[in-house]
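One structure is given here, and the rest of the page talks about it.
The values are calculated or read from the model by the stated rules, or taken from the named source; none is laboratory data. Small disclaimer: the values here were computed from a predicted structure and weren't measured. Please note: Cβ atoms are built from the backbone with ideal geometry, for glycine as well, and neighbour counts cover all protein chains shown. Only protein heavy atoms, including side chains, enter the accessible area calculation; ligands, DNA and RNA are left aside. Shrake-Rupley method; radii C 1.70, N 1.55, O 1.52, S 1.80 Å.
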Amino acid sequence: MRVARVTKSWTTKSAEETVLVGRELAAMLRPPKLLILRGNLGAGKTTLVKGLAAELTSVEQEDVTSPTFTLVHEYSGGSVLLYHLDLYRLQQERELDVLGIEEMRREETIVLVEWGEKFPGLVSEADGEIAIEHGGGDLRTITLRLG
Ligand code: ADP
Ligand code: MG
C-alpha cells in the first residue's frame, strides 16, 4: 500500500460497539478491495467482520465466525461478495498459492485478511488496512487506512 489517502479512527468500549463500527466502515468501502486486518490475537478483527459482513451481505452477524481452520469464509448477498481470510496458521508465503487470492479479486469483491501483514507480497497488493489496537480491558482503537 502507498501512503494512505483516507484515514479514519474509532474508539470502542465493547464488542457490540466494534460490530457497529464494522457496519459504519462498510459504507466507506466500495468493491473491489483487498484490506489487511491487522491486530493481535483477541484484538477484535473477527468481531469487526461481523458488522462488515452483516452490512455488506445478507448474512446475520451471529453466523460470521472465525475462519481460523478453514482459512476462508465467503459471504454473499446484495451486490457484494465478501471473502474473510485468517492466515494465522500459515507460515510461508507460498502456502498462499492454494487459496487463490488473486481469483478472489473481482469487480464485486471485498477481501478482508486477518494476519495478512505476515506476508509482504500480500501487503504490497492491498488497497489498505484496518488496524485494531488493544487498549487494555474492553478498549479498542480501530483505524482505517485506504491507499
Ligand atoms: P481477533 O479476531 O482479533 O483475534 P476476536 O474478534 O475473535 O479477535 O475477539 C475479540 C474478543 O475481545 C472477543 O471475545 C470480544 O468479546 C472481546 N472484546 C472486548 N472488548 C471489545 C471491543 N471493544 N471490540 C472488540 N472485541 C472486544
Ligand atoms: Mg479472528
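Does the range 27-35 contain at least one residue that is farther than 19 Å from ARG145 by Cβ and either open to solvent by 10 Å² or more (accessible area, probe 1.4 Å) or within 15 Å of ligand 1 (Cβ to nearest atom) (or both)? Scanning the range 27-35, I find no residue that is farther than 19 Å from ARG145 by Cβ and either open to solvent by 10 Å² or more (accessible area, probe 1.4 Å) or within 15 Å of ligand 1 (Cβ to nearest atom) (or both), so the answer is no.
Checking LEU34, LEU96, LEU20 one by one, the residue that is within 16 Å of ILE130 (Cα to Cα) and assigned to a helix (DSSP H, G or I) is LEU20 and no other.
The combined condition, being part of a strand (DSSP E or B), more than 23 Å from GLY147 (Cβ to Cβ), among the aromatic types (Phe, Trp, Tyr) and in contact (Cβ under 8 Å) with a residue 12 or more places away in the chain, is not fulfilled by TYR83. Among the residues of the range 37-55, those that are assigned to a helix (DSSP H, G or I), within 12 Å of ligand 1 (Cβ to nearest atom) and either out of contact with any helix residue (DSSP H, G or I) (no Cβ under 9 Å at 6 or more places or on another chain) or open to solvent by 70 Å² or more (accessible area, probe 1.4 Å) (or both) comprise LYS45, THR46. Any residue that is within 13 Å of ligand 1 (Cβ to nearest atom) and in contact with a Gly (Cβ under 6 Å, 6 or more places away or on another chain) - is there at least one of those in the range 56-65? No, that holds for no residue. Return yes when THR70 is open to solvent by 30 Å² or more (accessible area, probe 1.4 Å) and β-branched (Val, Ile, Thr) and no when it is not. Yes.
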